[in-house]
Structures are given as structure tokens and as C-alpha cells.
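Q: Shown below is the structure under consideration.
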Amino acid sequence: MTVSTSSPSQADGVRVVTVDHPPVNALPVQGWYDLADAVRAAGRDPAVRCVVLAAEGRGFNAGVDIKELQRDPGHGSLIGANRGCAEAFAAVYACEVPVVAAVRGFCLGGGIGLVGNADAIVASEDAVFGLPELDRGALGAATHLARLVPQHLMRTLYYTSRTVTAAELHAHGSVWQVVPSAELQDSALA
């Protein structure tokens, strides 16, 4: 299952939208659209006061499924991924209720687009953020990274494909809380 929603009993009014697409939560084209639909549905529910974006597996999000793009002899998957990402980012940005991104592990590429549009970011101590796409011959989420760091750091991270830690982003004020991994879910739900 790529995208699921749940309503934790310990957090009344909170809907959790979870990505679970092994091995690294790099979403295929349909996964981006499913994520957008799940966020929009949660935001429109009058019983929901907050949406938490979460992930299972090894990290928060590794962007688009490059293998899907490579299997496509044309450009349909690339165009679909671009449009799907735009839909998901817009759904997070325009959600009727606040969106909290609960980030652990890696948050790369399209993951930066998701957190760059969220209202708050709670990250585990092991979280790292970055845009490796320049090393992959692609352009990506630099405009979303620009919401998280000052302009010159954004340029440096973009052109070098270097990652930045949750603690570094917390120092810039873009990550709200940095917590031990075991406390991530509870902190995001709070």
C-alpha cells in the first residue's frame, strides 16, 4: 500500500496520511496523485483539525520513482511525475487545516516539496534533508528548499547536492522540533 490514512485514538481531530512505498518511499506517478487525494480528503473532513504527513520504512520520502521513469521509453512518466508532484505539493500547501510533516531518516527531492509546503515540521534527530537531483541530471524542488533555508545556503545545497540535518534546519527556524526517533509520532500528533 503506497498511501493510507488513519485517525489515531490518542489524537482526536488528527488525520495521519502515511506513505509506505518500499524500499525508500520514492513514489511512482500514481502515488503522488494518491497522496494529493488523501491530503485533500483529510483537509475537507469537518472532523479533522490537523493533518500529519508520516512515512513507514527507511525514511520520509526519496522523491520520485526514478526506476519508473527509466522504464518508460517516452516522456509520459516524467510528465506524470512532475504533474503528480505539483498536485501533492499544492494539496499540502492549500490544505484547509494545518499540515505537520513528521520526518525521520531522509527527506529528499519530492520530500522537500512536501515539507516545504507543510505548516510545521517535526523531525527526528536522524533526519536529513536535501536535493540530490542535480547529481542525477534533473531539476527539482529548489523553490521548496528556499522556504526552509536562506538563499545562499539554498544555492549551496542545490549545487552541491549536500544534505542538511534536522538540527541545522532547526537553527534556521524551519524545523519546529527535533526529537528522538522514538518520540517522533507522539510529538507530531501533539
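The values are calculated or read from the model by the stated rules, or taken from the named source; none is laboratory data. Here the structure is a predicted model, which is why all the values come from computation and not from measurement. Each accessible area value is taken on the protein alone, full model and side chains, heavy atoms only, with ligands, DNA and RNA left out. Shrake-Rupley method; radii C 1.70, N 1.55, O 1.52, S 1.80 Å.
Q: So if I restrict to the alpha-carbon atoms in region 11-91, what is the Rg, and what is Dmax, the biggest pairwise distance, in Å?
A: 13.8, 47
Q: Percent antiparallel among DSSP beta bridges with both residues in the chain, to the nearest 5?
A: 20 percent
Q: How large is log10 I(q)/I(0) at q = 0.10, 0.16, 0.18 Å⁻¹ when the Debye formula is applied to the Cα atoms of the chain, each weighted equally and without solvent?
A: With one equal scatterer per Cα and no solvent, log10 I(q)/I(0) is -0.35, -0.93, -1.19.
Q: Stretched out fully, how many nm does the piece from Ser9 to Gln30 gain, at 0.36 nm a residue minus the Cα gap?
A: Between Ser9 and Gln30, full extension yields 4.6 nm more.
Q: Sum -39500 (n - 2.57) across every DSSP H segment of at least 4 residues in the chain, then divide by the residue count to get the 222 nm mean residue ellipticity, nearest 500.
A: Value at 222 nm, helices only, nearest 500: -11500 deg cm²/dmol.
Q: Just the accessible area for Phe106, please: 1.4 Å probe, Å², rounded to the nearest 10?
A: 40 Å²
Q: How large is log10 I(q)/I(0) at q = 0.29 Å⁻¹ when the Debye formula is applied to the Cα atoms of region 25-70, each weighted equally and without solvent?
A: -1.07
Q: Continuing with the same structure: Please compute the volume of the convex hull spanned by the alpha-carbon atoms of region 96-178 and report it per residue in Å³.
A: Hull volume normalised by residue count: 79 Å³.
Q: Using each residue's phi in region 45-50, evaluate 6.51 cos²θ - 1.76 cosθ + 1.60 at θ = phi - 60° and report the 3J(HN,Hα) Karplus result to the nearest Hz, with x for Gly and Pro.
A: Values, residue by residue: 6, x, 7, 9, 10, 7 Hz.
Q: Quote the accessible area belonging to Asp12 in square angstrom, nearest 10, computed with a 1.4 Å probe and with ligands, DNA and RNA left uncounted.
A: Surface accessible to solvent at Asp12 totals approximately 130 Å².
Q: Considering amide H positions built from the backbone, and no H for Pro or chain starts, which residues 5 or more places from Val103, or on another chain, come under 5 Å of its amide H?
A: Val122, Ala123, Ser124
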